[in-house]
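What follows draws every value from the coordinates through simple rules; no lab data is involved. Please read all numbers here as calculations on a predicted model, not as lab measurements. Positions of Cβ are generated from backbone atoms using ideal geometry, with glycine treated the same way; all protein chains shown enter the neighbour counts.
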Amino acid sequence: MSEFHPNRTKMVRTKPKLTTRRIIEAWPMLVWAAILFAGWKAYSSGVVFARMNGAVDVYQENITPSEDGRLLEIKVERGQKVEPGTVVAVMDPSPYKMELEGLKREVLADRVKDIREYDQEILKLESELRKIDVESAEDDATIKGLENFLKDYDARVKGSSDPVFRRLADESAEEKRLDVAKSRARVAANTVNRGQVEDSVNRAKGVREQLQREADTVAKVSIETEEMLKTGALREDEQQRFIELRTMISLCELRTTKGGVVDRVGKEKGEYVKAGDGVLKVVGEPEHIVCFLPQDQSDDLTEGQKVWVVATSDKRKIFESTVEGISPRINNLPDSSSPIPNRRIHGRDVIIHYPPTALPTAESPGYKLLSGQTVVVHTTKPGEVPLLDRIFPNDDNGKVR
């Protein structure tokens, strides 16, 4: 059979102008399709988190005394830079030194009192020793006399033939022998007792010598040294009091913790200062940058993530840094961008490392980002600065420089 179909019409190619005309006539549909596609794309990608507002953290150290007292000396001036641990002011330590001197005299008086008591105890023990020696000597003499009597008695009794005399003599001899036994027992008991008393005397003399050494040490040692603690001349309670007073004297020297620049001096030399009142204030060197991260964007930032810090006063100052930590506590701040009154926004504080490139160098000794300066922290590297901002950069006050 033939493949020819006489009734089928041939396809006619549309001219370009006609095709263009049809597209133009269908433009509303294409516009709506583009809008729908853009909306779907925006919905699927969500909100892109790009930057946070923040400021260079300001570490302020308020130097205050721990106890009430008179300000003896101020060793620094306003604007002076101080290192960590520097003594910036001194409170009057004389009340604690007087109390420490009183403690020293009290310890010395206690030692002298104890020495006298031990002297009396030693005298009593030595008197008891002499009494024991006298009793032992008497017993020895009695024993010696009785033994001599018994020897002579035995000789006389053996030469007598009178039974009555011999019986009476034997009874008397038995009494003498009993007296000898009693005397020997007393001598043995006195010997043991004398050894115990001698041990007590030796111990008392040893304690007395130790007390005398402690008294001599306390009397010679100055309260400005630690020899009393090193030599063990103080008892536990006395040592505790001594350490407390030494600590209070050391706390009279007011020191800085991290150092920095003396920002304000609030008291004058000789003024009476209460505990907790600020004597002076030291502003430390910048170490961190603090930003506010909205709560709905808390998952978009992690510790160790790279960020870029831009000074609001000069957009050309871009410093690379990393996220040090994210606060677990949720804060709330007034939302100034909302038209609704009393509207607040919830979020977390983000701690950023102070950029290493903003630290002082030999060529540029100053910090490039100062304490309290406002910054913008970008999670992606910011682009080029517009041409107008390059030509007319603005400062913090919005004035053209």
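What's the exposure ranking of Tyr96, Tyr272, Tyr367, going from fewest to most Cβ atoms within 10 Å?
Listing Tyr96, Tyr272, Tyr367 from fewest to most nearby Cβ atoms yields Tyr272, Tyr367, Tyr96.
If the label point is 7 Å along Cα→Cβ of Lys269, which residues in the range 66-105 have backbone nitrogen under 16 Å from it?
70-78, 88-93
Which length gain, in nm to one decimal place, applies between Thr361 and Leu72 when the Cα-Cα distance is subtracted from 0.36 nm times their residue separation?
Answer, rounded to one decimal: 100.2 nm.
Between Asp119 and Arg343, how many nm apart are label points set 7 Å from Cα along the C-beta direction?
With each label point 7 Å from Cα toward Cβ, the separation is 9.2 nm.
Please compare each pair in Lys113/Lys274; Lys258/Lys306; Lys131/Lys182; Lys97/Lys230; Lys97/Lys269; Lys81/Lys306 to a cut-off of 30 Å on the Cα-Cα distance and tell me which ones are over it. All intermediate terms of the calculation are to be shown ahead of the outcome.
On the way: Lys113/Lys274 40 Å; Lys258/Lys306 27 Å; Lys131/Lys182 18 Å; Lys97/Lys230 19 Å; Lys97/Lys269 20 Å; Lys81/Lys306 32 Å.
Over 30 Å apart, Cα to Cα: Lys113/Lys274; Lys81/Lys306.
Full extension from Ala219 to Asn148: what is 0.36 nm times the residue separation minus their Cα-Cα distance, to one decimal in nm?
Value of the extension gain: 19.4 nm.
Would you calculate the separation in nanometres between label points at Thr302 and Asp277, each defined as 7 Å from the Cα along the Cα-to-beta-carbon direction?
5.4
Taking the number of other C-beta atoms within 10 Å as the exposure measure, put Ile345, Ile340, Ile352 in order starting with the fewest.
By the 10 Å Cβ count, ascending, the order reads Ile340, Ile345, Ile352.
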